[in-house]
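The values are calculated or read from the model by the stated rules, or taken from the named source; none is laboratory data. These figures come from a predicted structure and were not determined experimentally. Please note: Cβ atoms are built from the backbone with ideal geometry, for glycine as well, and neighbour counts cover all protein chains shown.
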């Protein structure tokens, strides 16, 4: 057991949950995000909701943030220079030659993070097997450095061809750069990624160099402020591939934190799915600015080994979370064709939706929900009391533009938003051959429970599980983020017992490399390994989880081949008679955090529920909704009802029933599905 504090920064709100290991008590808090200084929102959340004595005894502070992601999307990072092998200067611009939007004649690739005049070459060449074809010409490094220094670059990315197989030349370049007086950050591709594919590895190295300074400065500022509040424990940040790493490690490997924010909810969803024995679960994280969704199968999120941000690949484990610009603050507007759209532009934390009364005048999704009565009396977190008159006034211009009344327009705003969210959910389910109708919906975030029954209706889902602490569920998910480190190395060779022994040698090196990154991974750890396998002649591969005997793969080559064939059959519906080959070996070390058991207390039954008129999408009309505190649901609650809690509001439409489960969750069942 360990007292820990989790804080997740969103575009509109910063969410906090702390867990007291002595009592099992959890406390949640929500404060507005401070976009220009996100650490200030974190400090406000911690100081405002966690007693000083708890801060001082807390063992872990766990954090989810989009600082690195925003730096990339906004192109506000370091000025980066790239040093690469002669002949590979333009790999960032050539890319893969494909198009993100095939049928858009006006689509253009985003500009590379490093312009051509800052991409310089040195003479050297290493083969894919690690042998040196052309030794490094050390004299070619000096003019490259001089040119980059003259341009005032903040950091340098060094990505030499096949350095993953032999890093000697990259290490020599780094030594020469330091000897030449360069004091900025240096990112070496072999330390960033041990995998092949030059474009992807170069892109990842450049991204690391681009966000390193901003991420490092942010984490140092935040850690300093936490120490001022009395925190003496270990500060951790979530990784894109799930799990967490220390702030110090994140400063050395910032590219691993690009998706730090969105993965926390997927981690919490995995825990809920395991506890409740749910085989297939789709998440719906509806925040103020964005909507995130992920697929959880058999208690595990789907992990990719390459992510993409703004059409730039990143070679790192990556929880498959799909995000769109649709949330409670998404603005309804009229496009050039006269049609109403919702998002991706958001009212954000400031000024926020019009109904917040903070100066916003444009109609947000929250304004539509407020006008329809879906938020009940409108007493929200952070002391916000909804102004229904301002919500109506904000919607009126859009309603006039489409020649509809305000209520019809508000209904349309909610329907359009739900449709956009459902399309993202289809990407992680239907487009992977899975039927969401046979799965469970897990809504969370400030507006997740609000949209739950609408999303279920879009996808014809019949069961919804609303988790405890739904409004701050991502922050709760942070508290279970085990410390994790991983590494991979490409070594293409036929799958056979002799080559499997070679793979085991590489695996031992990878485990040693991971252990060297942090002494916290020395004790009580769990090790795992994967083999990336494919049929010879193929471009892509499947990653297969392998059993271990000590630090070695326990399978024979035949057993590994059989496991690959079974997974290939499950994925593609057939197998091939070609030779199987190893592509990469992956090692992961996990240091589990102490488990936590949340204690939930039901409230006494409320005498005389409040009644509030709201619009029912199931009935197509306004009707009386009961307003019930979540903690007071001690027996099945038949909709329509509005269920309130401190950081979220559940809209329970007609023909739905809610019942409290053993873990404090609310189980929602569609009436006709019984």
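Structural remarks
- Take the conditions (1) within 30 Å of residue 173 (Cα to Cα); (2) surrounded by 12 or more Cβ atoms within 10 Å (Cβ to Cβ); residue 76 misses just one of them, which is (2).
- Candidate set: region 576-600, residues that are under 30 Å from residue 660 (Cβ atoms) and touching a helix residue (DSSP H, G or I) at 6+ places or on another chain (Cβ under 9 Å); chosen: the one modelled with the highest pLDDT: 598
- Qualifying positions in region 353-372 - buried (at least 24 other Cβ atoms within 10 Å of the Cβ) and either free of Cβ contacts under 8 Å to residues at least 24 places away in the same chain or assigned to a loop (DSSP other than H, G, I, E, B) (or both): 353, 363, 370
- Residue count for region 458-472 satisfying the condition of being closer than 15 Å to residue 669 by Cα and in a loop (DSSP other than H, G, I, E, B): 4.
- Test: residue in region 397-409 that is surrounded by 22 or more Cβ atoms within 10 Å (Cβ to Cβ) and modelled with pLDDT under 90: no
- Meets criteria (part of a loop (DSSP other than H, G, I, E, B), in contact with a helix residue (DSSP H, G or I) (Cβ under 7 Å, 6 or more places away or on another chain) and modelled with pLDDT of 95 or more) for residue 136: yes
- Residue 188 satisfies every condition listed in (1) surrounded by fewer than 24 Cβ atoms within 10 Å (Cβ to Cβ); (2) touching a strand residue (DSSP E or B) at 6+ places or on another chain (Cβ under 6 Å); (3) over 19 Å from residue 135 (Cα atoms) except (3).
- Within this structure, residue 618 passes the test of being assigned by TED's automatic domain parsing to the domain that holds residue 656, at pLDDT 90 or above and assigned to a loop (DSSP other than H, G, I, E, B).
- All positions within region 120-163 that are closer than 12 Å to residue 79 by Cα and surrounded by 14 or more Cβ atoms within 10 Å (Cβ to Cβ): 148, 149, 153, 154, 155, 156, 157
- Positions within region 545-572 being closer than 22 Å to residue 434 by Cβ and surrounded by fewer than 19 Cβ atoms within 10 Å (Cβ to Cβ), in sequence order: 545, 563, 565, 566, 567, 569, 570, 571, 572
- Among the residues of region 298-337, the ones that are in contact with a strand residue (DSSP E or B) (Cβ under 9 Å, 6 or more places away or on another chain) and farther than 21 Å from residue 270 by Cα come to 16 in all.
- Any hit, region 43-59, residues being touching a helix residue (DSSP H, G or I) at 6+ places or on another chain (Cβ under 6 Å) and either crowded, with 24+ Cβ neighbours inside 10 Å or assigned by TED's automatic domain parsing to the domain that holds residue 149 (or both): no
- The single residue among 426, 463 that is more than 20 Å from residue 271 (Cβ to Cβ), surrounded by fewer than 24 Cβ atoms within 10 Å (Cβ to Cβ) and not assigned by TED's automatic domain parsing to the domain that holds residue 28 turns out to be 426.
- Scanning region 521-544 for residues that are assigned to a strand (DSSP E or B) and surrounded by fewer than 13 Cβ atoms within 10 Å (Cβ to Cβ) yields one hit, 526.
- Filter result for residue 183 (outside the structural domain of residue 312 (by TED's automatic domain parsing), at pLDDT below 95 and crowded, with 18+ Cβ neighbours inside 10 Å): no
- Among the criteria (1) surrounded by 20 or more Cβ atoms within 10 Å (Cβ to Cβ); (2) not in a helix (DSSP H, G or I), the one residue 503 does not fulfil is (2).
- Residue selected from region 279-318 under the condition surrounded by fewer than 17 Cβ atoms within 10 Å (Cβ to Cβ) and assigned to a loop (DSSP other than H, G, I, E, B), by the criterion nearest to the chain's Cα centre (by Cα): 302
- Candidates 459, 469, 454, filtered to the one that is touching a residue at least 24 places away in the same chain (Cβ under 8 Å) and touching a strand residue (DSSP E or B) at 6+ places or on another chain (Cβ under 7 Å): 469
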